[in-house]
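Values in this text are rule-based calculations from the coordinates and carry no lab data. Because the structure is a prediction, the values reported are computed rather than measured. In this analysis, Cβ positions are derived from the backbone assuming ideal geometry, glycine residues included, and neighbour counts consider all displayed protein chains.
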Amino acid sequence: MKKILFTLACITIAASSLLMASGQKEATVDTSKSDELVVWLWDMGFNGATMQKAAEIYKEDHPEFNLVIEDQGDWNTLQTKLTTIASSGKLDSLPDILLIQDNAFQKNYMSFPEVFTDLSNTNIDYTQFASGKTGYSVIDGKNYGVPFDNGAVIFGYRTDILAKAGYTIDDFTDITWSQWLKQARVVLEKTGKPLLSAQAGSSDIINMMLQSAGASLFNTDGSPNIVNNDVLYKVAETYMQMLDDGTCIEATDWSGYTNSFSSGAVAGTMTGCWIAATIQGATDQAGKWKITNMPSLDGIPTATNYSNNGGSSWAVTSACKNVDLAADFFAMTFGSSMELYDAVAQNGVLGTYLPSANSSVYSQPNEFFSGQPIMSIITEFAGKVPAIEGGAYYYDARDAVCTAITQIQSGAVAKEAFQDAQDTVNFMMGN
Amino acid sequence: MSVININKKTKSTQSLGVGTYTFLIVAVILSVFPLFWMVIAATNKSVDVISGTLIPGSNLATNYKNLIGSTNLWQAMWNSFKYAGIMTVLSLLVCSIAGYGFEIYHDKHKDRLFSFLLLAMMIPFAAVMIPLYQMVSEYGLLNSTAGFVLPTISTPFLIMLFRQNSRSFPHEIIDAARIDGLSEIGIFIRIYIPTQKAVFAAAVTVVFMNGWNNYLWPKIIMQSNDSISMPMLIAGLQSGYVTDYGVLMLSVLFCILPMLIIFFAMQRYFTQGITGSIK
């Protein structure tokens, strides 16, 4: 009996001491060193690799500098973590630097202004970044973020499949959506392959089309612009048409979407330029892809062939022990280092640092994309993207419009569905 | 007459047998196929996985090299073992005593308290996450095993499992043991535990699996790269703009191996333990 009790007590003590020991050991991880910065991000291959390179460059002149990268898996997880920590008020458990999706930047600031540090009066030269990009992280004239990657829209096509239908990439360059619909029907007829796929329940395509015409879901005064938005109706009509024709198919989730073109079932894709890395993942399709600009909307005076989807910026948190170091790090790397942008261009990372467009690395041909200098092409596209009103409720408006589109697909009247969407956004905004 | 009856019976048993077996075979294929596909995918290149190859490939070594190269696999495996192991030991200790106590010493008030405890099963974790984070952060338990384990040591489900199983535990034995001079804790350890092996085995499987698969809570409180668990490692592999499905599937394979071993080792007891609680 005593033996059993003794064993039980030993197990409990061992387990508790292991708990406490690990607690003490890891809880004292030192993030307070003045020459160390901790950064939270997602995607080590893309964002992480860029940060690592930036740290290497900064270390050359500041050997004592140390950057700790903590991969958070994906943006949703980082957002959940940020929300939990900010809501609990335990801001000291935040890292020094956070990577934030551009479209979520303003809302996060509005929800948790205490998380962000004003970076306006630092030696970061914001004029060196594309103004449309900087705009995502400027609130009340103050800079709360350092612009990072680009989301200029590209439309990639499988040229071998286009050729079977008698087309070349030029037939899909600088065209309108009505031309695209016509040609895509021919491609579908002759090859059996749709030219586009989308993620069901996502409004990416709708938003890209809207922005290409300089239209936003918000007015300049910040109020939602959905039910009386003529461009939105045109966009919805075009999107419905391509779904009806079968020239665009919907995948159930993100991997379904990427698999649709990686497997060769779909002959093209249109989204932010970061998708180039995914396209290149299908090594068996090397030399069969080319990129060009997206079609423009018919009958809209402001329509262009350029848009934006995605992209993110760095924010320095209020938990940062050494804001000067963080600001100097960004000024010396993301804010001025051509070496950084040249180095990460191989990973498909395209910064929004304007001088990087002149880089010799950018004009190098990419063999996967049939020898096209895709970095130069994308940089050129990025410069032509119309700026739009984003606003803090961007994601809410996106979700509402997405619901409306799904309703229209199931037979609802467009005006009523968009009215519902507008009411929803107004409700969210407390109007 | 009786001959005809026998024939009829055999016939109906046979046709029932064919129907049942067909259904079972289809069910087995549906359940086993994802596992089969996972193993096949782990040996193939990402491109082949996407194109739906069902033949084992030759890319296993490369996938393994890439997995080891891009992640801290063994650290994550060890962390998961540590978290799930400690959680299992402590949970079983706390919940078995609680379940035993609720049944053996039960009265009207304790029964009411028990019903109240069951209500806690209905509160979703997301609702308590923020206050829990506040507490854990307050006590300096971020990035620690204690922070991970403490909130989940006592679970209403386990307490209920132990309580329901204690119902079949004969009170006469307890009375006899008391007369023989055994203390209350002695009865629990020397008589109750040895007779409830099946329930403990079922509980080990459930708790270990919960601990091993837990994602949201560790994701929130584990902040350093050294403290990540296997589900976090897997999530990290598919977050990027490019996902290598071969590597991803190999990591999933590594992740489920311990679970498979534990489940198969305790399968017999698991069924007994769970069905015991329903009786």
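Taking 17 Å as the cut-off, the amide N atoms of the range A:41-57 that come nearer than this to a point 7 Å along the Cα-to-beta-carbon line of A:GLN128 belong to A:51, A:53-57. Judged by the ratio a/c of the largest to the smallest principal axis of the C-alpha gyration tensor, chain B counts as oblate, that ratio being 1.5 or greater while a/b is no larger than b/c. Does the range A:105-151 classify as rounded, prolate or oblate by the C-alpha gyration tensor (a ≥ b ≥ c root eigenvalues; a/c under 1.5 gives rounded; else a/b over b/c gives prolate, otherwise oblate)? In terms of gyration-tensor shape, oblate.
With R₀ fixed at 56 Å, the C-beta to C-beta distance from B:ILE123 to A:GLU189 puts the FRET efficiency at about 0.50.
Kirkwood hydrodynamic radius computed over chain A comes to 23.4 Å, based on all pairs of distinct alpha carbons. The length gained by stretching the chain between A:GLN419 and A:LYS321 to full extension, at 0.36 nm per residue less their Cα-Cα distance, is 30.5 nm.
Roughly what percent of Cα-Cα pairs across the range A:48-181 reach past 23 Å?
54 percent
Result for chain A in a Gaussian network model with C-alpha springs under 10 Å: among A:THR258, A:THR83, A:THR134, the largest mean-square fluctuation is at A:THR83. Amide hydrogen proximity for A:PHE369: with H placed 1.01 Å from N in the peptide plane, the residues at 5 or more positions away or on another chain lying under 5 Å are A:GLY287.
Helices assigned as whole DSSP H runs in chain A whose Cα atoms extend at least 18 Å along their own long axis and whose mean Kyte-Doolittle hydropathy is 0.5 or higher are found at A:2-27.
The helix-only estimate of mean residue ellipticity at 222 nm for chain A, built from DSSP H runs of length n ≥ 4 each weighted as -39500 (n - 2.57), is -13000 deg cm²/dmol after division by the residue total. Projecting the Cα atoms of A:GLY246, A:TYR395, B:SER144 onto the charge dipole of the protein assembly as shown (Cβ charges, centred on the Cα centre) puts B:SER144 farthest toward the positive pole. Which of the three applies to the range A:264-401, rounded, prolate or oblate, going by the alpha-carbon gyration tensor with a ≥ b ≥ c and a/c under 1.5 meaning rounded? Oblate. Where only DSSP H runs of four or more residues are counted, chain B gives -24500 deg cm²/dmol as its mean residue ellipticity at 222 nm, each run worth -39500 (n - 2.57). If the chain linking A:MET428 and A:ASP74 were pulled fully straight, counting 0.36 nm for each residue of separation and taking away their Cα-Cα distance, it would gain 124.9 nm. Simple spin-label estimate for A:MET338 and B:LYS197 gives 7.6 nm between the two label positions (7 Å along the Cα-to-Cβ direction from each Cα). Pairs over the 27 Å Cα-Cα cut-off, from the set A:LYS164/A:LYS234; A:LYS107/A:LYS321; A:LYS321/A:LYS384; A:LYS182/A:LYS288; B:LYS82/B:LYS197: A:LYS164/A:LYS234; A:LYS321/A:LYS384. One chain, two ends: B:MET209 and B:LEU24. Fully extended at 0.36 nm per residue, the span grows by 64.0 nm beyond their Cα-Cα distance. Calculated on C-alpha atoms, the gyration radius of the range B:135-279 divided by its Kirkwood radius gives an Rg/Rh of 1.11. The distance separating the Cα centre of the range B:187-233 from that of the range A:73-120 comes to 31 Å.
Round to the nearest 0.05 the FRET efficiency obtained for B:GLN267 and B:LYS65 when R0 = 51 Å and r is the Cβ-Cβ distance. So, using R0 = 51 Å, E works out to roughly 0.90.
With a Förster radius of 45 Å applied to the beta-carbon distance between A:GLU56 and B:LEU260, the computed FRET efficiency rounds to 0.60.
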